[in-house]
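Single-structure report; data block below.
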Amino acid sequence: MTDATPIVRLTDVRLDRGGRTVLRDINLSVPRGQVIAVLGPSGSGKSTLLAALTGELAPAAGTVEVLGQVVPQAKRALLELRKGIGVLLQGNGLLTDLTAAENVALPLRAHTDLPAAVIARLVRMKLHAVGLRAAADAFPRELSGGMARRVALARALALDPPLMIYDEPLTGLDPIASGVVMDLVRRLNDTLGLTSIIVTHHVHETLPVADHAVVIANGAIVFSGSPAELETSTDPLVRQFLRGEPDGPIHFDAAPRFADSALTGNAPAGVI
């Protein structure tokens, strides 16, 4: 894949779940090296979009391309693609009976034949990158929420994926921890040459680190542009979402909601 090829491209995509259309007419192109914020109210389809990017959900129409190829349905090819995608789950997904270092080592042990000494060195490097090298021997229960989130981030980065996807990375974090995590996302994206997609409803914490913003509402993309353009938009849908107003063009109905986690099946290699 050349640098000119978008790292993610969705063309005329329709995504269905449970016999109903969740998202329709989705067209999105993500250039390499950027931080993209995918915003929208709860239940708007953000996690459904994430499921399509990771191959858990096949599009009902259109094409989803990730890392320069159409997302495959064959299991072996999909697992190979997922090695290039790091996913930070909103629930962290850390194994409680393993230390921070052991959690970070999991994808390296599962997907490489590296010697134990090399894996140990790589784990130290990943923990250092998120500022937690001193916590290598701590168990998840001994970590604060923000620290646990950073350990999960180190694990997602273990295989050096070119694409990082963050699924509601600020859930359950206080304002200080949220700021630390978002600053870290931006810094790692730039220093490691990543592309990052942040799926979230935390607008004000995310926009300062984003290069581009996408808003999903009413089953479609209702905005795509820079954070500055988003904040000055006069579109009623966008204004309602940014202001958190209960009444307006965004519908909040009682339709069944699907699991928030976009990964209910096989996890990408960077997650385990």
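Just a few scattered comments:
- Top-ranked residue of the range 13-47 - restricted to ones that are polar (S, T, N, Q) and more than 15 Å from LEU237 (Cβ to Cβ), ranked as nearest to the chain's Cα centre (by Cα): SER47
- Of all residues in the range 156-178, those being of a type in the set (Gly, Ala, Ser) and modelled with pLDDT of 90 or more number 2.
- Some residue of the range 48-61 being in a strand (DSSP E or B), charged (D, E, K, R) and within 18 Å of the chain's Cα centre (by Cα): no
- Criterion: crowded, with 22+ Cβ neighbours inside 10 Å and within 17 Å of LEU95 (Cβ to Cβ) - qualifying residue of ARG150, ARG141: ARG150
- Candidate set from the range 1-43 (those that are of a type in the set (Gly, Ala, Ser) and touching a helix residue (DSSP H, G or I) at 6+ places or on another chain (Cβ under 9 Å)); member that is nearest to MET182 (Cα to Cα): ALA37
- Residue that is small (Gly, Ala, Ser), at pLDDT below 90 and farther than 16 Å from VAL214 by Cβ, where the choices are GLY68, GLY33, GLY43: GLY43
- For the range 218-249, the set of residues classified as exposed (fewer than 13 other Cβ atoms within 10 Å of the Cβ), at pLDDT 80 or above and assigned to a loop (DSSP other than H, G, I, E, B) consists of THR232, THR234, listed by residue number.
- Cβ-Cβ distances below 7 Å connect the following pairs, each with a first residue in the range 25-53 that is without any contact (Cβ under 8 Å) to a residue 40 or more places away in the chain, a second residue that is surrounded by fewer than 24 Cβ atoms within 10 Å (Cβ to Cβ), and a separation of six or more residues or different chains: SER29/PRO6; SER29/ARG9.
- Residues of the range 79-101 satisfying the condition of being touching a Gly at 6+ places or on another chain (Cβ under 8 Å) and either surrounded by fewer than 18 Cβ atoms within 10 Å (Cβ to Cβ) or without any contact (Cβ under 8 Å) to a residue 60 or more places away in the chain (or both): LEU81, LYS83
- Leading residue by the ranking (modelled with the lowest pLDDT) among those in the range 1-30 that are out of contact with any Ser or Thr (no Cβ under 8 Å at 6 or more places or on another chain) and acidic (Asp, Glu): ASP3
- Complete set of residues in the range 1-46 that are at negative phi, in a loop (DSSP other than H, G, I, E, B) and buried (at least 20 other Cβ atoms within 10 Å of the Cβ): ILE7, SER44
- Residues of the range 47-78 classified as among the hydroxyl-bearing types (Ser, Thr, Tyr) and either over 19 Å from GLU168 (Cα atoms) or surrounded by fewer than 17 Cβ atoms within 10 Å (Cβ to Cβ) (or both), total: 1
- Qualifying residue in the range 162-176 (condition: farther than 17 Å from ASN189 by Cβ, crowded, with 17+ Cβ neighbours inside 10 Å and of a type in the set (Ser, Thr, Tyr)): yes
The values are calculated or read from the model by the stated rules, or taken from the named source; none is laboratory data. These figures come from a predicted structure and were not determined experimentally. Virtual Cβ from ideal backbone geometry, glycine too; neighbours counted across all protein chains shown.
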